[in-house]
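Beneath this line is the structure, given in structure tokens, with notes to follow.
The values are calculated or read from the model by the stated rules, or taken from the named source; none is laboratory data. It should be emphasised that the depicted structure is a prediction, and the values quoted were computed from it without experimental measurement. Backbone-built Cβ (ideal geometry, glycine too); neighbour counts: all protein chains shown.
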Amino acid sequence: MGKTDAAVELSRRLGRVPIISADSRQVFRGMAIGTAQPSAEQLLAADHYFIADRDATQEYNSGKFAAEALELLDSLFKEHPYVIAVGGSGLYIDALCYGFDSLPEADGRLRKTLEERLENEGLEALVAELRDLDPEYYEKVDRNNPARVLRALEVCISTGAPYSAQRSGNRAERNFNIIKIGIAMPRVELYERIDLRVDSMIAQGLEAEAHALYPLKGLNALNTVGYKELFDYFDGNSTFAEAVELIKRNSRRYAKRQMTWFGRMEAVHWLDAQSAALAEQAEELVAGFL
């Protein structure tokens, strides 16, 4: 059982409680297939938030998500004893649960310089510089995400200290209790599932969806596995078959980084994704926690 199915079933067991998507890409319209947004049936089974509720042209990040989600939670908890947050964006989960350290404001001139370097030198060159300036954060960051790489470099350069050293780990106070439940699967089975999911996305029309988004390919929201490989295909840099294989490879790499991120997160109750009793076990964990 995947995380969306598990969340919907847990919502049903808890009395149709709301579900907040903590996914950095499912929030955008027009990206239903490539971001594996919940199906129409899943959306009807529970009230979902932060699913396809803004355009890809709108700037969005973990800080904005946390601010909006916390405001929403204040309202939802007036009517529901529980709310489920589900998603694979570790930074979004961290922002919602713990908040952020106070870091320097963005330096417009430095950011422009870094953006010009990104365009001229490519992301790999900036990632290599981040590795030299802050090897600790290099190991954690999504190295395919230009926004996160640029922000870390910006802080390193403007302060003269590693980005990771300025993240104190001090947690913001939250007026609600949190239980974290993870879904684990052996790596071989996970990679097989990813390959099958990519094949399913292609069958559902991912190529046509990417075609519609192609004019926006320069936006950060579209720097996403599944789209960027097809954009390269549209530009004549690969064949369609090569693009599909790259989507599978890059999806597996992203999943590996997710496992590393969540594997370091403390106090996670891990459940077997292949267990027929997964939703029941999750419900028991919630009941025991409360």
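List of remarks:
- Residues in the stretch 183-231 that are of a type in the set (G, A, S), touching a residue at least 12 places away in the same chain (Cβ under 8 Å), surrounded by fewer than 18 Cβ atoms within 10 Å (Cβ to Cβ) and closer than 24 Å to R143 by Cβ: A184 only.
- Residue that is more than 21 Å from D142 (Cα to Cα) and at pLDDT below 95, where the choices are Q258, Q274: Q274
- Here the helices (runs of 4 or more DSSP H) wholly within the stretch 1-89 that include at least 2 residues being without any contact (Cβ under 8 Å) to a residue 60 or more places away in the chain and either surrounded by 20 or more Cβ atoms within 10 Å (Cβ to Cβ) or in contact with a Phe, Trp or Tyr (Cβ under 6 Å, 6 or more places away or on another chain) (or both) are 62-76.
- Residues that are buried (at least 20 other Cβ atoms within 10 Å of the Cβ), within 20 Å of the chain's Cα centre (by Cα) and part of a helix (DSSP H, G or I), drawn from the stretch 113-152: Y137, Y138, R148, V149, L150, A152
- Any hit, the stretch 232-245, residues being surrounded by 14 or more Cβ atoms within 10 Å (Cβ to Cβ) and under 20 Å from the mean Cα position of the chain (by Cα): no
- Qualifying residue in the stretch 164-182 (condition: buried (at least 17 other Cβ atoms within 10 Å of the Cβ) and under 19 Å from the mean Cα position of the chain (by Cα)): yes
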